[in-house]
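Shown next, in structure tokens, is the structure this report addresses.
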Amino acid sequence: MERPGRTLLYGGLIWLAAFAVSVVIYPLHETERPLFESIMPVTLAIATTGLGVDLLRRLTGVGWRQALVVGLVWFVINVVIDAPLFLVGGPMLMTVMDYVKDIGVTYLLIPVITLGLGIQATAHAGVRSR
């Protein structure tokens with residue numbers, strides 16, 4: 001993987017952005033739950049798109065496969081950091097199924113976005129996908 005340090009750093013920054021926003025808007029979790037649940041995926045999409053564009057610009061010959069790998073790495077990073085907070089006696093204890101349904105599925109936005117960025121980069125550059 002090209003630029004593994006930056007790839008790992010950006011994966012952590014995506015999680016940190018979502019965490020920071022969730023802390024700031026946490027009162028909505030209790031009073032306006034639908035709004036809270038709408039803001040979080042938007043935050044994730046903004047962070048993933050911004051950092052994805054930056055990282056993929058730095059890589060050479062980006063194809064959809066490479067972009068998808070980046071997205072899957074970021075997905076894993078986010079779940080690995082996040083899941084213990086919700087599953088192992090953390091502040092928001094949930095069952096595994098509740099975590100998957102409430103949060104885990106939302107993290108699937110990450111590889112979907114990077115895949116789209118990779119497809120666009122490939123089409124834009126006229127590069128055959130790798």
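The values are calculated or read from the model by the stated rules, or taken from the named source; none is laboratory data. Given the structure is predicted, the values throughout are model-derived calculations rather than measurements. Reconstructed Cβ throughout: ideal geometry from the backbone, glycine too, with neighbour counts over all protein chains shown. For accessibility, only protein heavy atoms count, side chains too; no ligands or nucleic acids. Shrake-Rupley method; radii C 1.70, N 1.55, O 1.52, S 1.80 Å.
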Item checked: Principal axis dimensions, largest first and in whole angstrom, of region 1-124 by Cα -> 46, 27, 22
Checklist line | Convex hull volume per residue in cubic angstrom - Cα atoms of region 36-107 | finding: 93 Å³
Next item on the list: Taking only protein heavy atoms into account and a 1.4 Å probe, give the accessible area per residue of the chain in Å².
Entry: 56 Å²
Notebook entry, point to check: Based on the mean of other beta carbon atoms within 10 Å per residue, what is the order of 93-104, 40-51, most packed first?
Noted result: 40-51, 93-104
Notebook entry, point to check: Percent relative contact order of the chain, based on C-alpha pairs within less than 8 angstrom and at least six residues apart?
Noted result: 34 percent
Next item on the list: Would you mind calculating the relative contact order of region 22-97 from Cα pairs under 8 angstrom and at least 6 residues apart, reporting the percent as a whole number?
Entry: 11 percent
Notebook entry, point to check: Which ³J(HN,Hα) values, rounded to whole Hz and listed in residue order, are derived for region 113-123 from phi using the Karplus coefficients 6.51, -1.76 and 1.60 in 6.51 cos²θ - 1.76 cosθ + 1.60 with θ = phi - 60°, glycine and proline given as x?
Noted result: 5, 5, 4, x, 5, x, 4, 5, 4, 5, 5
Check: Want the number for Leu87 to Lys101: 0.36 nm per residue separation, take away the alpha-carbon distance, what's left?
Finding: 3.7 nm
Notebook entry, point to check: Using a probe of 1.4 angstrom, how much of the accessible area of the chain is carbon and sulfur, in percent?
Noted result: 71 percent
